[in-house]
Amino acid sequence: MSVPRRSPAASRAPAFAILTLADLERDGAAWDVLADRAVDLHPHYTRHTLSAHRRAGLAAADLRIVVVRSGARLDAVMPFRLTYDLCGLGRPVARPFASPFVTAALPLVADGPDLPATLAALAAGLRAASEGRPWRWPLLATDTRLGQALRAALKDEGWALGKVAAFARPILDRRASHDAFVAGHPNRARLKDLRRRQRRLSEAGSVTLEAATGGEPLRAAVDAFLALEKAGWKGAAGSAMACRGPHAAFARALFAEGGGPVGARADVLMRNGRPLAISLALVAGGTACLLKTAYDEAERAGAPGLVLEAEIVRALHETAFADRLDSATLAGSALESLYPERETIAEVVAVPAGGIVSLDRRIRLARFEHAARAEAKLCLAGRGVVQRLMGRR
């Protein structure tokens, strides 16, 4: 009896599989090609960034990843974990892979005419990954082209989606010139204040911006960042990257060199050869994600961190190193007064068809969890104030 052969068209139809990070790293060239073709690319699920997580011990080699392929071509990548929380009611839910340094969680998906078929296959893969249970999806850019297409594809496959919370993240699209940016800025008073602060910083010496994108200058900038951050309040609290071996290793693996379609960049605000503030960024798909910033806290009155951000905006327009700046921040960022545009970042609960527990109930539980954590933070902050006051007596 002969075995039916699949047609060439059928063999190229998008299909999902669940691999490990180690599996996918062996196909690194295809992963890089996918990043080059991706719609709404962010750097966090590229080969460079996930491999840096693995090398630093922040991701396991057996981290699971939903992939979509069309024949030999890689079309989508979505790393995930199964975790427990209130939303799951004692059973695991799926979450996108996250670390303290992941600021976006859209999947990596190839652009092109096959995008709807790719997303349909990805939706099937997401259901298989969670074993039919919900996904709890923070840091989802819901208003982007991919964010909208992904939500539409899930709904087409019978998923129910609901929003737990959202905030507006500052972004900045490059204008024709820096003068055009200044002329059209909605908060001219803020720009004037930053120029005043820069003059104040310059009273003790010449203030310059230096950018490093590779080699020894970039490695030196990363080391200087780690030292500067550790010297401030984060070092005292033990949360600076240099205070934790895996975090310092991650910074050096991530920022001290680029990889494939992802470039690394450090911007350093200098005075008399000494760093006042340092920003570390990844550049991918025309967007610079400004992931980490540290500043000399002894110069706080001059706001060196914000002066640095304003100088990065100037450099963006003068050198066109990217088309967009992504603040990569949470709600309440100081960059809200500098970056005019906004991108909606939401936490979404997505329940596949056939779920027993209603979406509304899961949303209420997730919001209750948010409120409880916020209350706990307030209590801990208040306790810290009391302890400091007692310590002064």
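The values are calculated or read from the model by the stated rules, or taken from the named source; none is laboratory data. On a predicted model such as this, the values are computed, not experimentally measured, just so you know. Cβ placement follows ideal geometry from the backbone for every residue including glycine, while neighbour counts extend to all protein chains displayed.
The table below lists the values:
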quantity: Residue in segment 27-50 that is modelled with pLDDT of 95 or more, surrounded by fewer than 18 Cβ atoms within 10 Å (Cβ to Cβ) and on the phi > 0 side of the Ramachandran plot present; calculated: no
quantity: Pick from segment 170-213, criterion aliphatic (A, V, I, L, M) and assigned to a loop (DSSP other than H, G, I, E, B), ranking: modelled with the highest pLDDT; calculated: Ala176
quantity: Given (1) free of Cβ contacts under 8 Å to residues at least 60 places away in the same chain; (2) touching a Pro at 6+ places or on another chain (Cβ under 9 Å); (3) surrounded by 15 or more Cβ atoms within 10 Å (Cβ to Cβ), number of the condition Glu131 does not satisfy; calculated: (3)
quantity: Qualifying positions in segment 220-243 - of a type in the set (A, V, I, L, M) and either part of a helix (DSSP H, G or I) or free of Cβ contacts under 8 Å to residues at least 12 places away in the same chain (or both); calculated: Ala220, Ala221, Val222, Ala224, Leu226, Ala227, Leu228, Ala236, Ala237, Met241, Ala242
quantity: Hey, Thr142 among the polar types (S, T, N, Q), within 20 Å of Pro43 (Cα to Cα) and outside the structural domain of Ala266 (by TED's automatic domain parsing) or not; calculated: yes
quantity: Any hit, segment 44-65, residues being assigned to a strand (DSSP E or B) and of a type outside the set (S, T, N, Q); calculated: yes
quantity: Residue satisfying condition, being under 18 Å from Ile312 (Cβ atoms) and either in the same structural domain as Leu209 (by TED's automatic domain parsing) or in contact (Cβ under 8 Å) with a residue 40 or more places away in the chain (or both), within set Arg274, Arg252, Arg265; calculated: Arg265
quantity: Check on Ala277, buried (at least 22 other Cβ atoms within 10 Å of the Cβ) and at pLDDT 95 or above; calculated: yes
quantity: Filter result (at pLDDT 95 or above and surrounded by fewer than 17 Cβ atoms within 10 Å (Cβ to Cβ)) within segment 318-346; calculated: Glu318, Thr319, Ala320, Asp323, Pro340, Glu341, Arg342, Thr344
quantity: Residue that is out of contact with any Pro (no Cβ under 6 Å at 6 or more places or on another chain), of a type in the set (Gly, Ala, Ser) and more than 26 Å from Ala331 (Cα to Cα), where the choices are Ala76, Ala60; calculated: Ala60
quantity: Segment 202-219 residues that are touching a residue at least 60 places away in the same chain (Cβ under 8 Å) and surrounded by fewer than 16 Cβ atoms within 10 Å (Cβ to Cβ), paired with ones that are outside any strand (DSSP E or B) and among the polar types (S, T, N, Q) (beta carbon under 9 Å, 6 or more apart); calculated: Ala204/Asn272; Gly205/Asn272; Ser206/Asn272
quantity: Inter-residue pairs, beta-carbon under 6 Å, first free of Cβ contacts under 8 Å to residues at least 40 places away in the same chain and in segment 183-200, second surrounded by 12 or more Cβ atoms within 10 Å (Cβ to Cβ) and not polar (S, T, N, Q), 6+ apart; calculated: none
quantity: Residue identified as modelled with pLDDT under 95 and farther than 26 Å from Ala322 by Cβ among Asp62, Asp85; calculated: Asp85
quantity: Residues within segment 139-159 that are out of contact with any Gly (no Cβ under 7 Å at 6 or more places or on another chain), buried (at least 17 other Cβ atoms within 10 Å of the Cβ) and not in a loop (DSSP other than H, G, I, E, B), tallied; calculated: 8
quantity: Qualifying positions in segment 181-194 - surrounded by 12 or more Cβ atoms within 10 Å (Cβ to Cβ) and in contact with a helix residue (DSSP H, G or I) (Cβ under 8 Å, 6 or more places away or on another chain); calculated: Phe181, Val182, His185, Asn187, Arg190, Leu191, Leu194
quantity: Failed item, numbered, when Thr293 is tested on (1) free of Cβ contacts under 8 Å to residues at least 24 places away in the same chain; (2) under 21 Å from the mean Cα position of the chain (by Cα); (3) surrounded by fewer than 20 Cβ atoms within 10 Å (Cβ to Cβ); calculated: (3)
quantity: Unmet requirement for Met78, which otherwise passes all of (1) under 23 Å from Glu157 (Cβ atoms); (2) modelled with pLDDT of 95 or more; (3) in a loop (DSSP other than H, G, I, E, B); calculated: (3)
quantity: Filter result for Val164 (surrounded by 13 or more Cβ atoms within 10 Å (Cβ to Cβ), among the β-branched types (Val, Ile, Thr) and outside any helix (DSSP H, G or I)); calculated: yes
